[in-house]
Amino acid sequence: MAWLRTSARSLTCRYAIVHENLAIREHLRSLINRERLVETAVRLIEVPSPTGKGRAVADRLAALLGDDGFTVERPDGGYRSAPAVAVRLASGKPGRTLQFNGHLDTVHLPFVGPRVINGQITGSGASDMKSGVAAAVEALRVLRDSGALGGGSILLTAHDLHEAPWGDGRQLDALITEGYVGDAVLLPEPLHGSLPVIGRGSATWKVNVQRTGPPVHEVMRPLDEPSVIAAGAELVARLARWNAELGALANPLCGAASVFVGQIHAGEIFNQYPRECWLEGTRRWLPGTDRREVERDFRARIAALASDTGTTVDCRWCFIRDAFVLDQADPVVEAFQRANTAVSGARLPIGPKPFVDDGNSFWALAGVPAITHGPKAGGQHTVEEWVSVDDLVRVALQYAMTAVLYCAQ
Ligand SMILES: [Zn+2]
């Protein structure tokens, strides 16, 4: 009967934990101020901040946090035009540091001011991701006011230079190198239906195929000069064959490594022999692949094309973010899932991360587990961004609850 007593005890114990989690949840929930959260999002959205021009919105966030009584640091991360914002909340007891990290820049599209309507906030950055940052700020306030953090600390960071192609993540990379990094990170990008555990790395490339002579009428074409259009077509064919080979390296969750051609341009009119042909596309790779090797391999194939076709080929390679893996054995994953059960009634199913984000940098540069989880939202990278206010409140609670379960060891 010993096993029966043991399992009865563990059941009682589990019940006590569940019960305690629900009590913590209710305490935290009672302190979330929905109006204050919405106001914070609106105050961030109303300051235009296209990537690279994030100073004013970072100043606004710093002022909001300062008015709340937090001590605000402004590390520039090598980008003095728009210093980042950092705030620490320490429990005063030993434990882990959970970081909330967000970007304050938005894609370069016409600015749309904030509106609060029908339970949603709209405007530039409403979805991607100023409202998510506001939810993280609300979680920080609630953690301070509740005194629920039994150990460890919170580090909130917000920065510029996220959105490609205007930004390349340099500022965050520098912040990580300078030590503005926790033991685990939550990022409020608008992904909420699954827990992303794997994602591909990505780079963009642009190849310019040229011959030496000027553009001429096709009947005057020098017979000893190669056709740049034929060379461009050859490149497309080679990349298609290569892409098929890469398809064999598929991961069941995040798909296959790939090389993709998105644009090809050559010529001005039908009977002119053009001087150049350019192509642009992407290259994606799976975790475990060395990104420098990926670039070397690509450049070698381009050099081979030049030599085989008698053309000159120039290749611009733009690294975006490295591949991503979430270590599912890390304690932050269990804390996050227990929080999700308390807040939303169930654990999140695992899934892929369909895009690259700053979580990839935390993993690739510092080996720090990063969970991308944000509000129900839409219209990212369009002029019609929106976010659900109800879900922002849920995210604030989810972040605060995860911190309580994770930080105290
Ligand atoms: Zn984003």
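Residues are listed down the side, and each one gets a yes or a no for (1) touching a residue at least 60 places away in the same chain (Cβ under 8 Å); (2) of a type in the set (Val, Ile, Thr); (3) over 29 Å from Gly193 (Cβ atoms):
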{"site": "Leu253", "(1), (2), (3)": "yes, no, no"}
{"site": "Gly262", "(1), (2), (3)": "no, no, no"}
{"site": "Arg296", "(1), (2), (3)": "no, no, yes"}
{"site": "Leu305", "(1), (2), (3)": "yes, no, yes"}
{"site": "Val333", "(1), (2), (3)": "yes, yes, no"}
{"site": "Pro352", "(1), (2), (3)": "yes, no, no"}
{"site": "Leu365", "(1), (2), (3)": "yes, no, no"}
{"site": "Val368", "(1), (2), (3)": "yes, yes, no"}
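Here's the yes/no breakdown for (1) assigned by TED's automatic domain parsing to the domain that holds His103; (2) surrounded by fewer than 22 Cβ atoms within 10 Å (Cβ to Cβ); (3) not polar (S, T, N, Q):
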| site | (1), (2), (3) |
| --- | --- |
| Gly359 | yes, no, yes |
| Leu365 | yes, yes, yes |
| Ala370 | yes, no, yes |
| Pro375 | yes, no, yes |
| Ser388 | yes, yes, no |
| Asp391 | yes, yes, yes |
TODO: Specify the residue that is farthest from Val87 (Cα to Cα); the eligible residues are those in segment 170-191 that are surrounded by fewer than 24 Cβ atoms within 10 Å (Cβ to Cβ) and either at pLDDT below 95 or touching a Leu at 6+ places or on another chain (Cβ under 8 Å) (or both).
DONE: Leu191
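Test Pro48 against the criterion of being in the same structural domain as Leu186 (by TED's automatic domain parsing), more than 22 Å from Leu186 (Cα to Cα) and assigned to a loop (DSSP other than H, G, I, E, B), and give yes or no.
On the way: in the same structural domain as Leu186 (by TED's automatic domain parsing): yes; more than 22 Å from Leu186 (Cα to Cα): yes; assigned to a loop (DSSP other than H, G, I, E, B): yes.
Against the criterion (in the same structural domain as Leu186 (by TED's automatic domain parsing), more than 22 Å from Leu186 (Cα to Cα) and assigned to a loop (DSSP other than H, G, I, E, B)), Pro48 qualifies.
For residues that are away from the ligand (no atom under 14 Å from the Cβ) and either among the aliphatic types (A, V, I, L, M) or assigned to a strand (DSSP E or B) (or both), tally how many sit in segment 186-198.
Of the residues in segment 186-198, the ones away from the ligand (no atom under 14 Å from the Cβ) are 193-195, 197-198.
After this cut, where a residue has to be either among the aliphatic types (A, V, I, L, M) or assigned to a strand (DSSP E or B) (or both) as well, the list is 195, 197-198.
Number satisfying all stated conditions: 3.
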Open item on the list: I'm told Leu109 meets every condition in (1) among the aliphatic types (A, V, I, L, M); (2) touching a residue at least 60 places away in the same chain (Cβ under 8 Å); (3) surrounded by 19 or more Cβ atoms within 10 Å (Cβ to Cβ) except one. Can you identify the failing condition by its number?
Closed with: (3)
TODO: Restricting attention to segment 328-366, report how many residues are touching a helix residue (DSSP H, G or I) at 6+ places or on another chain (Cβ under 8 Å), within 16 Å of the ligand (Cβ to nearest atom) and among the hydrophobic types (A, V, I, L, M, F, W, C).
DONE: 1
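The values are calculated or read from the model by the stated rules, or taken from the named source; none is laboratory data. Remember, it's a predicted structure, so these values are computed and weren't measured experimentally. When we count neighbours, we look across all protein chains shown, and the Cβ atoms used for this are built from the backbone with ideal geometry, even at glycine.
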